[in-house]
1. What residue, of P46, P4, is within 20 Å of L398 (Cα to Cα) and in a loop (DSSP other than H, G, I, E, B)?
2. Tell me the strands (runs of 3 or more DSSP E) entirely within the range 313-432 that contain at least 3 residues that are aromatic (F, W, Y).
3. Of everything in the range 137-168 that's β-branched (V, I, T) and surrounded by 21 or more Cβ atoms within 10 Å (Cβ to Cβ), which residue is farthest from the ligand (Cβ to nearest atom)?
4. Taking the residues in the range 336-349 that are among the charged types (D, E, K, R) and more than 16 Å from the ligand (Cβ to nearest atom) as candidates, determine which candidate is surrounded by the most Cβ atoms within 10 Å (Cβ to Cβ).
5. Among the residues of the range 312-329, is there at least one that is within 16 Å of the ligand (Cβ to nearest atom), of a type in the set (S, T, N, Q) and in contact (Cβ under 8 Å) with a residue 12 or more places away in the chain?
6. In the range 169-186, how many are away from the ligand (no atom under 16 Å from the Cβ) and surrounded by fewer than 17 Cβ atoms within 10 Å (Cβ to Cβ)?
7. Here are D44, D59, D97: which of them is crowded, with 18+ Cβ neighbours inside 10 Å, over 30 Å from V165 (Cα atoms) and charged (D, E, K, R)?
8. Only one of these is more than 22 Å from the chain's Cα centre (by Cα) and in contact (Cβ under 8 Å) with a residue 40 or more places away in the chain: L398, L383, L428. Name it.
Amino acid sequence: MGFPKEFLWGAATASAQIEGGWDKDGRTPSVWDVLPADKIENGDSPREGCNHYEHWREDVDIIKRLGLKAYRFSISWSRVLPRRGEVNPKGLQFYNDLVDALLEAGVEPMVTLFHWDLPVWVAEFGGWDSGEAAIAFLEYVKVVVDALSDRVRYWFTFNEPQCFVTDVTNEGRDHDVKRAGRNVMLAHGRAVEVIRTYAHKSPLVGFAPMGMCAAPVPGVMDEALAKEMTFSQAAGAMGMSWWLDPIILGVIPEPLKDTLSEDDIKTICQPHDFFAGNCYFAVNYLKRPGRENLLAFPGMPKSATGWPVTPACLYWFTKFCWERYRLPVIITENGFANTDFIMLDGKVHDPQREDYIRRVLADLEKAIDEGVPVFGYLHWSLLDNFEWTHGFDIRFGLVYVDYKTQKRTIKDSALFYANVIKTNGGCLTELK
Ligand code: BGC
């Protein structure tokens, strides 16, 4: 069977991680632009990033050259609304031009409305702890939908809320996790309503959570237990079901019984057109003394983030999520962190990433062959970029970026991925 003919092969990025231009054309800072230097490795800052704000045409050319069918990017809220109630025409123009160029290149634009870069002006009135943030979010969503929905069909409300409501770094302060979580869920539900009400073109709407997946371990954990662990409430707000059971199934999980009401659920649980998830590796919530991850063994393969290489994650993740949520699946992020550099021949050879892509996609294909309706895969990331608290130390891109000169160099893995796309996955089996 293999990958369906119309499979959406793509890549993903996020505004705070690539755009730079932090104060250009009227933009005001996001919380990430003003974090104290000691919060980020080497005192790095996203203020200049990959300067995609000025290099976007070149980046779209690369997308076209690689033959990507889809590109997921996020919108910088404070570029579009530098202050409450004040729409920035230049900010909107940037995204308008980007969408036009993508469509002209034959690439499906996919918009994430919130990928962690909360405007400082929203943080000032309480961030996600305050219900007011959710209201301001909807005002912003309406502006973006009005501007882009005549051409954009795919919408993701939030990226990995697990991270920004549990990690202090994201707003520089501690959250009341349940309160912030409820506000985000309500904001999600209302945003879906706003998108469906105002979109000029019939929209396809979803949510992009962090995909925490447990994979079976022979002799330790069978499939049933791995599935139970994948949706376990023991992971709290870091897990998936804490968010997705209310959002997709309309079910209030045990730990949120004191936080969400049935009335909330009417707003939170909106119809979704697909199940989206970011999944990089399989974890195991069963702890063993001295070891977090039951899949770990001495000398196990790892990426530069220290994440284990567990290609079967995409097989189990898509299978388990399809069985529970019964929605067609798209992988909104998956990728490999490496210590890439330009080699003597002027190229970037990254065989580990190429091998990783080959393995995860072969496992994804297996899930498809067994009947899991996966319709897209978006590699993280198009470009090397600002990796949050790791700063620029870690590289996730298919394309190498020299941050001093902003020169882009296409890595070997990108050429390999381009061939995967061209052959619709056909070349994945060449080594088998
Ligand atoms: C996030 C990205 C991040 C990537 C790699 C995901 O958690 O959505 O913004 O760069 O993983 O860490």
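The numbers here are math on the coordinates, done by the rules we state, and not lab data. These numbers were taken from a predicted model, which means no experiment stands behind them. All Cβ positions, even for glycine, are placed from backbone atoms using ideal geometry, and neighbour counts span all protein chains on display.
1. Numbers: P4 fails: within 20 Å of L398 (Cα to Cα).
After ruling out the rest, the residue left standing is P46.
2. On the way: elements: 329-333, 374-380, 399-402, 407-410.
The strands (runs of 3 or more DSSP E) meeting that bar are 374-380.
3. Among residues in the range 137-168 that are β-branched (V, I, T) and surrounded by 21 or more Cβ atoms within 10 Å (Cβ to Cβ), the one farthest from the ligand (Cβ to nearest atom) is V145.
4. Of the range 336-349, the ones among the charged types (D, E, K, R) are 340, 345, 347.
Still in the list and also more than 16 Å from the ligand (Cβ to nearest atom): 345, 347.
Details: D345: 7, K347: 14.
Among them, the one singled out is K347.
5. Our first condition is that a residue be within 16 Å of the ligand (Cβ to nearest atom); within the range 312-329, this holds for 313-314, 317.
When the remaining residues are screened for being of a type in the set (S, T, N, Q), the result is none.
No, because not a single residue in the range 312-329 is within 16 Å of the ligand (Cβ to nearest atom), of a type in the set (S, T, N, Q) and in contact (Cβ under 8 Å) with a residue 12 or more places away in the chain.
6. So in the range 169-186, the residues away from the ligand (no atom under 16 Å from the Cβ) come out as 172-183, 185-186.
Next cut, surrounded by fewer than 17 Cβ atoms within 10 Å (Cβ to Cβ) only: 172-174, 176, 179.
Adding up the residues that qualify gives 5.
7. Working: D44 fails: over 30 Å from V165 (Cα atoms); D97 fails: crowded, with 18+ Cβ neighbours inside 10 Å.
Every option except D59 fails the conditions.
8. Working: L398 fails: more than 22 Å from the chain's Cα centre (by Cα); L383 fails: more than 22 Å from the chain's Cα centre (by Cα).
Only one candidate qualifies: L428.
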